[in-house]
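Everything on this sheet refers to the single structure shown next.
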Amino acid sequence: MNMALTNEIIKTRLADKFGDELKGWEEPYGLLTFFSDKNLNLKVLQFLYDDPELKFRFMTDLCAVHYPLNAGAELAVVYHLHNLVDNIRIRYKIFTDINKPDVFSASALYSAANWMERETYDFYGVNFIGHPNLKRILNVDEMDYFPLRKEYPLEDQMRTDKDDEMFGRT
Amino acid sequence: MPRPVQYNIHNKPLEIPIAVGDAPDGYTGVGFFASKLSDVVGLARKNSIWPLPFATSCCGIEFMALMGSHYDLARFGSERVSFSPRQCDLLMVMGTIAKKMAPIVKQVYLQMAEPRWVLAMGACASSGGIFDTYSVLQGIDQVIPVDVYVPGCPPRPEAVLDGFMKIQELVGKEDLRRRDSDRYKDLMKSYGIQ
């Protein structure tokens, strides 16, 4: 029986392979978190999947975050991976320019990424290169913007019967 | 020792007799009753409304209570809840309707035969409710005409019964020619329905 996988072992393993390419190491609430250049994402994910020691073969979540003040890297794409054998999770982020939100699709590696990338495209407009069917999944097909980007208001803009003053938002 | 079961110990006398419903105006004699056909049709329609529950969220749960033995919508002639729009008279929309769901609500409405009525149950179906957001339809009256709105979040079954009785009132008093009138046609046209 091997020694149980720990954050330190994962970090060492990744650092041996990728060196300084992986940055921003932190462990909020014990969850190992790091980021890298966006063009490296498939290499990192493939290594995490294939490595006989790491075995991160389950994608729990894939989502995006919009940081409007983070000029040049406004959109973050976040991968949550789970090693089901050792029951340990990690979080891997990449950042991309909102004006050119091209990110390689992980759907060939993790089938779970297929719909989650469509959702991320739907709400944030991240363009996943290599995705087999990148179209809206939750919102109406006619929608012509990406609603969770911060520049768009939450409220329905078609209403005429609500007085904004009454809702404290003038 | 078993508890003695007592109920109706303070018996309340009936204020008005409830055994017979309101009869339409007409002439009564020995063995006959003459009245307007439209009144009789209204009477028949309003006491055998077939509802189509279009339940998408918590209001639907409240509707289940309404159909149950305690509140018992069947007392009002609506025992038969149908899940085929083709056989229904009353579309009961209960719950949040997302914009993606809106064409389906409209489709169901279009599949119903005239005469048809619509009841919007709860804040979400009536106005979007708390969901003042880009993804939620701000009231089903944006896609189909609504006859009765029942407010509440969710409304109690009694409130829905009240709304249902309002529908019965509309159904019973409706002019048989209403659906042929220009006003009604204009209303349908405003929703893009032929």
Cβ-based exposure ranking for B:Lys189, A:Lys162, in which fewest neighbours within 10 Å come first: B:Lys189, A:Lys162
Isotropic mean projected area of the C-alpha convex hull, chain B (nm²): 16.3
Label-point gap, in nm, between B:Ser84 and A:Asp141 - each point 7 angstrom along Cα→Cβ: 2.9
Average projection area in nm² (convex hull over Cα atoms of the protein assembly as shown, one quarter of hull surface): 33.3
Rounded to 5, the percent of DSSP beta bridges in the range A:1-130 classed as antiparallel: 70
Filtered trypsin sites (Lys or Arg not before Pro), the range A:8-78: DSSP coil and at most 15 other beta carbons within 10 Å: A:Arg57
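What ranking do A:Glu26, B:Glu15 get, fewest neighbouring Cβ atoms within 10 angstrom at the top?
Placing the least packed residue first, the sequence is B:Glu15, A:Glu26.
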All-pairs Cα distance distribution in the range A:43-83, expressed in whole percent, bin size 5 Å: 6, 22, 21, 16, 13, 12, 8, 2
Separation between Cα centres of the range B:38-65 and the range A:101-116, rounded to whole Å: 47
Amide H within-cut-off set for A:Phe58, under 5 Å, with H built and near neighbours excluded: A:His82, A:Leu84
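Restricting attention to the range B:69-115, which trypsin sites (Lys or Arg not before Pro) occupy a DSSP loop and are surrounded by at most 13 other Cβ atoms within 10 Å? Please report the intermediate quantities before stating the final value.
Working: sites: B:Arg75, B:Arg80, B:Arg86, B:Lys99, B:Lys100, B:Lys106; in loops: B:Arg80, B:Lys99, B:Lys100.
Taking the range B:69-115 and a limit of 13 other Cβ atoms within 10 Å, the loop trypsin sites (Lys or Arg not before Pro) found are B:Arg80.
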FRET efficiency for B:His70 and A:Asn87, using Cβ-Cβ distance with R0 set to 41 Å, rounded to 0.05: 0.30
3J(HN,Hα) from dihedral phi, the range B:94-102, Karplus parametrisation 6.51/-1.76/1.60, rounded to Hz, x for glycine, proline: 10, x, 5, 10, 6, 4, 6, 7, 3
Computed [θ] at 222 nm, deg cm²/dmol, chain B (DSSP H ≥ 4; -39,500 (n - 2.57); rounded to nearest 500): -9500 deg cm²/dmol
Value at 222 nm in deg cm²/dmol, rounded to 500, when DSSP H runs of n ≥ 4 in chain A each add -39,500 (n - 2.57): -6000 deg cm²/dmol
Loop chymotrypsin sites (Phe, Trp or Tyr not before Pro), the range B:4-104 (other Cβ atoms within 10 Å of the site Cβ: 16 or fewer; DSSP): B:Tyr7, B:Phe83
Stretch gain in nm, segment A:Glu27-A:Asn7, where the contour uses 0.36 nm per residue and the Cα spacing is subtracted: 6.4 nm
For the range A:1-33 and the range B:116-133, distance of Cα centres in Å: 50
Within the range B:39-185, percent of DSSP bridges classed antiparallel, to nearest 5: 5
Full-extension gain in nm, B:Cys58 to B:Asp132, via 0.36 nm per residue minus C-alpha separation: 24.9 nm
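Looking at the range B:120-194, what % of the alpha carbon pairs are farther apart than 17 Å?
Numbers: 1548 of 2775 pairs.
Considering the range B:120-194, 56 percent of its Cα-Cα pairs are separated by more than 17 Å.
We did not get these values from a lab; they are worked out from the coordinates using the rules stated. Predicted model only: the values in this text are computed from it and were never measured. With ideal geometry, Cβ positions are generated from the backbone for all residues, glycine too; neighbour counts draw on all protein chains shown.
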